[in-house]
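So the structure is just underneath, and the comments pick up after that.
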Amino acid sequence: MTQINSILATDCGSTTTKAILIEKQGDEYRLVVRGEAPTTVEAPFDDVTVGVVNAVREVEELAGRRILDENNHIITPIQSDGSGVDIYLSTSSAGGGLQMTVAGVVKAMSAESAERAALGAGAIIIDVIAVDDGRKDFEKVKRIRELRPDMILMSGGTDGGTVKHLVELSEMLVSADPRPRLGIGMNIPVIYAGNKDAREPVAEVLDKRVDLRVVDNLRPTLDRENLDPAREAIHELFLQHVMQQAPGYSKLSDWVSSGIMSTPNAVGKIIQTVAEQFDINVLAADIGGATTDVFSVFGGIYNRTVSANLGMSYSICNVLAEAKTTGIGRWVPFDFDEARLRNSLRNKMIRPTTIPQTLRDLRVEQAVSREALRLAFEHHKTLARSLKGVQSVRTMADSIDQQETGQTLVDMMSLDMIIGSGGVLSHAPRRVEAAYMMLDAYQPEGVTVLAVDSIFMMPQLGVLSVVHPEAAAQVFERDCLIKLGHVIAPVGRIKPGELACTVTIGNDVYEVPFGTLKLVPIPAGESIDAVIKPARKLDVGEGRGRERKCKIEGGVVGLIIDCRGRPMVLPEDHSARIAKLIEWHKALGLEN
C-alpha cells in the first residue's frame, strides 16, 4: 500500500456534515482537527457537496493548510507544496439514509435472517413481508405498493427447499409494482437471496419488472446463515442507485477515494474492527433525535438493530408512549407533576433543538434517555439471537438442561465493553452522568468497561477501517473513545445493607453493602490488579460466592462498584424510591 500520511473523512448526516482530518504523527495516526457545517442535501441547495465544502473549509482554517482547489474540489493526492490530502472518504445518512423492505417465506426464519442482513448493512427496515405474517395477500400487495423503499431484499427456503412460496412472493411483487423512493421511471432494485433452486422461476416472474440481482442464499441450511453476499449486494446497490439519485451525490462519488458508505454500516464496521482487534465482546448504542441504533458483537457474531421510533427529540413522545410517565418518572430523583412532564416532552418534540435550562430539566431528559436506551436494547435482544428452527441431536444431559432455539446472543456477563454515543451521552455535562445513564439502562453484569464516543466520529473511522484498519483502530482508541472506567456489578440479590462485595486493589479494601453504589477514582491510563470477593449468593462471573481476579482500567470517571443487584429493582414506595435515587446520585458525586 502507498504510504498514507493524511486522511480527510466526512459524514453527511441529516442535519450536520462533519469533517475530520487525520495525520500520521511519528509512528501513529491522530486526529488533528474537525469541522462541521449544515447539511445541504435539501432545498434551497439540493447539493450535498455544498455542506461538505463548508465543513472542509473549517478544517482548512483550523489546520492552517490548503485542502480545496480554486474550484472547491478536494485535492487528492497530496501535492508537492503540501496542499491536499492523501485520501478522502465519506459516509452518509442524509436524505433518510438507506430504506429497505425485506421479504421471506417464514417470518421467524428466512424473513428474520433477511432483516439481520439488511440491518447489518446499515438499512432502516420499513416493513417485513412474509408468507405467514398474518396479513391477507391483498393487504400485503397494498402495503408493498404504498411503500417507497430504496430496494427490496427477498429470501426464503433452504437450498433444495420450497420453490412454490418464492414464486408466490415474486408474483405478489409484480402485482404490487413497487416504485423506488428515488429515481423517477426506474425499476426498483430487488436482491434475491433465497433457495438457489428457485432462482430461474423467480427470475422468469420478475424479469424486466424489477432490477433483479441474484446472490447466494442467506439461509442455505436451517442451521447456517450466510449474510455477507446479501450485505455486499446491498452496499453495491446503495452506491449505484441510491447515492447516484440523491442530490449532489454523483459529484461527491467522484471526489472520494473509496465508495461512499451508509453511516450505520460504517459504525458497524468500526465496532467489528475493535471487537476483532482486541478480541472482546462489544455493545454500542447511538441515541439520536429520531432513532436509536444498537450494535453488538458477541462471540464474533455482529448484529445491528435500529429502533426508528425511539429518540431524544423528534421521537421523544414515542418513548413517552412506550415507557409511560411511570417508566420515565421512576428515574427522576424528585417529585414531579405528570402533566407537566408530558408537556415538557411534547415541547421538546416540536422544538427539537432546545436544551435543558435547569438541573431538573436535565434530570428529566436523562431519565428519558434511560428508557429510550433500555427499550432499544430490549428490541436488539429479540433480533440478536441464535437461529430458529434448528434441529440438534440431544444427549441425556442436554435433555435435563434444555435450551430453546432462538435464544438471544446477548450475554451481559461475557460483555467486555459498552460504548455510548449520541448527544445525551457524549455531551452530558459530566462524564459520570453518561456512565450512570448506561448503568441504569443496560445493567451490566460482572466486570465491564464503559466508554463514550467523544465527538461522534465512529462513522468516519468505520469507512477508514475498510481502507486502513490500523489508522482507524489507532484514532479510535486514542482520540475517539473516552474510557469512563470499569464497572463491577454482582448478579443476584441479598438483603439490603448486607455486605455484597469486597474489592481489594493493592493495599486498599472496599467493602460495599447491597443496594449501594461506590465510586473509586482510578486515573485514566492506569491498569491495576483487583480481587473481587462477592457474597455467597452473588456472582461476578466465576460462580456464586467465588472470587474473581482481573485487571481494572482507570478512566475519567473511575471504578464504579454497583451493588444494587441484578436484576435491579427500585423501591415501590414513592418516597423510598426518591431517597434511594438521591443516595445513588450522591454516591457518584452528582447534585439533584
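Numbers below:
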| read-out | value |
| --- | --- |
| Output for the stretch 324-336, where each listed residue is outside any loop (DSSP other than H, G, I, E, B), β-branched (Val, Ile, Thr) and buried (at least 16 other Cβ atoms within 10 Å of the Cβ) | Thr325, Ile328 |
| Per-region count, the stretch 268-295, residues touching a Phe, Trp or Tyr at 6+ places or on another chain (Cβ under 9 Å), modelled with pLDDT of 90 or more and assigned to a helix (DSSP H, G or I) | 5 |
| Members of the stretch 74-117 that are open to solvent by 20 Å² or more (accessible area, probe 1.4 Å) and under 30 Å from Asn217 (Cβ atoms) | Ser93, Gly96, Gln99, Val106, Lys107, Ala108, Met109, Glu115 |
| Residue check, Asn71 modelled with pLDDT of 95 or more, open to solvent by 30 Å² or more (accessible area, probe 1.4 Å) and not in a strand (DSSP E or B) | no |
| Residue list for the stretch 553-592, filter: within 19 Å of Gly446 (Cα to Cα) and open to solvent by 40 Å² or more (accessible area, probe 1.4 Å) | Glu553, Pro567, Val569 |
| Verdict on Ala63 being farther than 17 Å from Ser258 by Cβ, among the small types (Gly, Ala, Ser) and open to solvent by 10 Å² or more (accessible area, probe 1.4 Å) | yes |
| Selected residue (criterion: most open to solvent (accessible area, probe 1.4 Å)) from residues of the stretch 16-40 that are of a type in the set (Val, Ile, Thr) and in contact with a strand residue (DSSP E or B) (Cβ under 7 Å, 6 or more places away or on another chain) | Val32 |
| Pairs with Cβ under 9 Å, 6+ apart, first in the stretch 148-159 and on the phi > 0 side of the Ramachandran plot and open to solvent by 10 Å² or more (accessible area, probe 1.4 Å), second modelled with pLDDT under 90 and polar (S, T, N, Q) | none |
| Subset of the stretch 506-541 (residues that are open to solvent by less than 50 Å² (accessible area, probe 1.4 Å) and charged (D, E, K, R)) | Asp539 |
| Filter pass, Val432 being more than 30 Å from Phe278 (Cα to Cα) and at pLDDT 90 or above | no |
| Residue under evaluation Val452, criteria (1) part of a helix (DSSP H, G or I); (2) closer than 28 Å to Ile87 by Cβ; (3) among the aliphatic types (A, V, I, L, M); (4) touching a Ser or Thr at 6+ places or on another chain (Cβ under 6 Å), criterion not met | (1) |
| Single residue of Ser92, Ser175 found to be under 26 Å from Gly13 (Cβ atoms) and polar (S, T, N, Q) | Ser92 |
| Of all residues in the stretch 207-224 being within 16 Å of Gly157 (Cβ to Cβ) and touching a strand residue (DSSP E or B) at 6+ places or on another chain (Cβ under 7 Å), the one that is surrounded by the fewest Cβ atoms within 10 Å (Cβ to Cβ) | Val214 |
| Given (1) charged (D, E, K, R); (2) under 26 Å from the mean Cα position of the chain (by Cα); (3) within 22 Å of Met172 (Cα to Cα), index of the condition Lys208 fails | (2) |
| Filtered residues of the stretch 311-336 (kept if within 17 Å of Thr291 (Cβ to Cβ), among the polar types (S, T, N, Q) and either in contact with an Asp or Glu (Cβ under 9 Å, 6 or more places away or on another chain) or in contact (Cβ under 8 Å) with a residue 12 or more places away in the chain (or both)) | Ser313, Ser315 |
| In the stretch 82-113, residue nearest to the chain's Cα centre (by Cα) [restricted to those that are at positive phi and assigned to a helix (DSSP H, G or I)] | Gly96 |
| Enumeration of residues in the stretch 337-348 that are surrounded by fewer than 18 Cβ atoms within 10 Å (Cβ to Cβ) and in contact (Cβ under 8 Å) with a residue 24 or more places away in the chain | Arg346 |
| Top-ranked residue in the stretch 245-262 [being without any contact (Cβ under 8 Å) to a residue 40 or more places away in the chain and outside any loop (DSSP other than H, G, I, E, B); ranked as nearest to Thr76 (Cα to Cα)] | Asp254 |
| Residue count for the stretch 114-147, restricted to those that are in a helix (DSSP H, G or I), under 24 Å from the mean Cα position of the chain (by Cα) and either without any contact (Cβ under 8 Å) to a residue 12 or more places away in the chain or over 19 Å from Glu168 (Cα atoms) (or both) | 6 |
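The values are calculated or read from the model by the stated rules, or taken from the named source; none is laboratory data. As the structure is a prediction and not an experimental result, all values here were calculated from the model. Every residue, glycine among them, receives a Cβ derived from its backbone with ideal geometry; neighbour counts consider all protein chains shown. Ligands, DNA and RNA are excluded from the accessible area calculation, which covers all protein heavy atoms including side chains. Shrake-Rupley method; radii C 1.70, N 1.55, O 1.52, S 1.80 Å.
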